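Presented below is the structure to which this report refers.
The values are calculated or read from the model by the stated rules, or taken from the named source; none is laboratory data. All values reported here derive from a predicted model rather than from experimental measurement. Note: ideal-geometry Cβ built from the backbone for every residue, glycine included; neighbour counts use all protein chains shown. Side chains are part of the model used for accessible areas, which takes the heavy atoms of the whole protein and leaves out ligands, DNA and RNA. Shrake-Rupley method; radii C 1.70, N 1.55, O 1.52, S 1.80 Å.
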Amino acid sequence: MTKIECILRPGKLENVKDALNEYGIHGMTVTQVIGCGLQKGRTEVYRGAEYSINLLPKIKLEMVIPDKNVSEVIRIITDTARTGEIGDGKIFTYKVDNAIRIRTGETGDEAI
Amino acid sequence: MKSRFLRTFALFSTFMMTIPALAWADDAAQAAATIDTGDTSWVLISAALVMLMTLPGLALFYGGLSRKKNVLSTIMYSFFAMVIISLQWPLWGYSLSFGPDINHIIGSLDWFGLSNVGIDPNPDYGATIPHQAFMIFQMMFAIITPALISGAFAERMRFPAFIAFLLLWATFVYDPVAHWVWGVDGWLRNLGALDFAGGTVVHILSGVSGLVACLVLGKRKGLGSEPMIPHNLPFVVLGAALLWFGWFGFNAGSALGANGLAVSAFVVTHLATAAAAFSWVVAEWLHHGKPTTLGAASGAVAGLVAITPAAGFVGPMPAILIGLISGVVCYLMVSVVKAKLRYDDALDAFGIHGIGGTWGAIATGLFASTAVNPAGGDGLFFGNPEQLVNQLIAVAVTWGVAIVGTYVILKVINLFSKLRATDEEQDTGLDFTQHGEDAYTDLVSGSTLAAFAAVPAAKATAGAVKPAL
């Protein structure tokens, strides 16, 4: 099993979610986060006082999927979330030892 | 037995109720001869409109401008101005401001506790409305003025010190100056200085006092190193809109009657406000590249402030000019001058009210016309330079009183109660440290995040709850 964690533009969440649903991935966790990477921040002005905001709002999407689906899921996310501009986000993958469904006690791929 | 008791009680009650009714019958007959119902309605409605300016108008305007951890304490400044001055005013404030004159300096205490302030009109302060209608209308001005000051020291003044400040400032600064400008035989009124609805009494006093207060209290902890961004701009816009709405009562109500002067004041108030919102936004658009919502709201308030002293004395076109200039001047004050001089007028009480009020008072000396209001005077542009001199004297005096009065009052309070919240209290936020509350709940749980870690107080005392881990 692999955990996929990706940082996305907030406006891309719905598209990515729909594309993953269509592929058959239904389970995911979504968090609103702020962070910085290559994308420079932005400047906000309040009554003439400038503030540079370098932590920008992003969406963190996490899911655990069977290993056989990993490359296709990464392709779907990359295709759907890409705008070509700086700030499109990143995808990280991690190996997962096990998964347990609390309700039934199932483990491994069965549990996801 | 029971029914005999009830009959006796009913007879006694009727008798007791008849006594004041008989006494009032004379008053009512006298009053009915002069009270105008239209005028009275308008002044009462105006009083309610001015109340709306403080709560919720100013409270939301300032509350939205402050940081999330200080929104309740900022709102509380306005709320308690309403509470405290509503008690101070009928007891001695009104009498000091409008009571029988003593040496042109202060009103006597003859009207202490509203004695001699009944429903009969007082011809000096509105010949066609009950005296108490004038009193309650003026009370709303006395309330909003110290509430305006709170914008300068928001996010760092301790609540007990604020209460002391409210009482002392209202008594020793507001009441005397209100007497000088508006009271019968007040020396600035006798001099011929014009202030229709409070440019000097309300806005210069509050703005300049705010500047003094923020200098005495010092900068907020973290200013310059931490972002101090308004936490809720929709609050700010809602507050500004309520201020604009309520200001019709503030200015048009100051005609003290449902008449042509009220209409004129209403019209110029609206025009100046729109003009100032426009010029502020254009100024910042040119300066910073974006027309902001906060700029539109701030510009509107700047225009309302500037037209206030002139509202009953100028025509529509001068009003637009007053507004246009006010928007640019106040914008430069809060965005350029404040940054250069490095004082921490947190929510720009001085930048908008002090500067806007000063400009408005001077503009009254320039644009006032007896064609608009025969009871006023002609300004410089209508052939009377003396009016401008009178306005400048009133401005200088008001600045002086605000500076000295506020400084002395704050220093005296500091002897008994610390003015400034400690660094730790400011880090945590005044909402929690001063009031034990938190404004916003977590959207998922419906309670504050801190509440997850909290143990119910009663159980904690009893030692009945063990830590989870």
Please determine whether any residue of the stretch B:114-123 is part of a helix (DSSP H, G or I), over 13 Å from B:Trp92 (Cβ atoms), in the same structural domain as B:Ser206 (by TED's automatic domain parsing) and open to solvent by less than 10 Å² (accessible area, probe 1.4 Å). no
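Of all residues in the stretch B:343-397, how many are outside any helix (DSSP H, G or I) and farther than 25 Å from B:Leu58 by Cβ? Let's see the steps before the verdict.
Taking the stretch B:343-397 first, the residues outside any helix (DSSP H, G or I) are B:343-348, B:368-379, B:383-384.
Applying the additional criterion that residues be farther than 25 Å from B:Leu58 by Cβ yields B:368-379, B:383-384.
The number of residues fulfilling the criteria is 14.
May I ask you to verify whether B:Ala255 is within 14 Å of chain A (Cβ to nearest Cβ) and hydrophobic (A, V, I, L, M, F, W, C)?
Values: within 14 Å of chain A (Cβ to nearest Cβ): no; hydrophobic (A, V, I, L, M, F, W, C): yes.
Taking the combined requirement at face value, the residue does not satisfy it.
For the stretch A:53-64, give me each residue that is in contact (Cβ under 8 Å) with a residue 40 or more places away in the chain and surrounded by fewer than 13 Cβ atoms within 10 Å (Cβ to Cβ). Please lay out each step first, then the result.
Just the residues of the stretch A:53-64 that are in contact (Cβ under 8 Å) with a residue 40 or more places away in the chain, to begin with: A:57-64.
Listed by number, the list holds a single entry, A:Pro57.
Which of the residues that make up the stretch A:1-52 are β-branched (Val, Ile, Thr), exposed (fewer than 12 other Cβ atoms within 10 Å of the Cβ) and closer than 24 Å to A:Ser71 by Cα?
So in the stretch A:1-52, the residues β-branched (Val, Ile, Thr) come out as A:2, A:4, A:7, A:16, A:25, A:29-31, A:33-34, A:43, A:45.
Now narrow it down to the ones that are exposed (fewer than 12 other Cβ atoms within 10 Å of the Cβ): A:29, A:31, A:34.
Passing the criteria: A:Thr29, A:Thr31.
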Residue, nearest to A:Cys6 (Cα to Cα), within the stretch A:65-112, restricted to residues that are without any contact (Cβ under 8 Å) to a residue 12 or more places away in the chain and of a type in the set (Ser, Thr, Tyr): A:Ser71
Go through the stretch B:329-358 residue by residue and tally those that are farther than 14 Å from B:Cys214 by Cβ, more than 12 Å from chain A (Cβ to nearest Cβ) and surrounded by fewer than 24 Cβ atoms within 10 Å (Cβ to Cβ). 1
So, in the stretch B:280-313, of the ones that are closer than 22 Å to B:Phe367 by Cα and within 14 Å of chain A (Cβ to nearest Cβ), which residue ends up surrounded by the fewest Cβ atoms within 10 Å (Cβ to Cβ)? B:Ala300
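Of all strands (runs of 3 or more DSSP E) completely enclosed by chain A, which ones contain at least 2 residues that are away from chain B (no Cβ under 14 Å) and under 19 Å from the mean Cα position of the chain (by Cα)? Walk me through how you get there before you give the answer.
Working: elements: A:2-8, A:29-35, A:42-46, A:49-53, A:56-65, A:89-95.
Because the criterion is at least 2 residues that are away from chain B (no Cβ under 14 Å) and under 19 Å from the mean Cα position of the chain (by Cα), the strands (runs of 3 or more DSSP E) in chain A that meet it are A:2-8, A:29-35, A:56-65, A:89-95.
Report, by residue number, each residue of the stretch B:407-432 that is among the hydrophobic types (A, V, I, L, M, F, W, C), in a loop (DSSP other than H, G, I, E, B) and either open to solvent by 50 Å² or more (accessible area, probe 1.4 Å) or under 14 Å from B:Gly222 (Cα atoms) (or both). It would help to see each step written out before you state the result.
Within the stretch B:407-432, the subset among the hydrophobic types (A, V, I, L, M, F, W, C) is B:408-410, B:412-413, B:415-416, B:419, B:421, B:430, B:432.
Still in the running and in a loop (DSSP other than H, G, I, E, B): B:419, B:421.
B:Ala421, the sole residue that qualifies.
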Of A:Gln39, A:Gln32, the only residue that is within 14 Å of A:Arg9 (Cα to Cα) and touching a residue at least 40 places away in the same chain (Cβ under 8 Å) is A:Gln39
Does B:Val263 meet the test of being in the same structural domain as B:Pro56 (by TED's automatic domain parsing) and open to solvent by less than 20 Å² (accessible area, probe 1.4 Å)? no
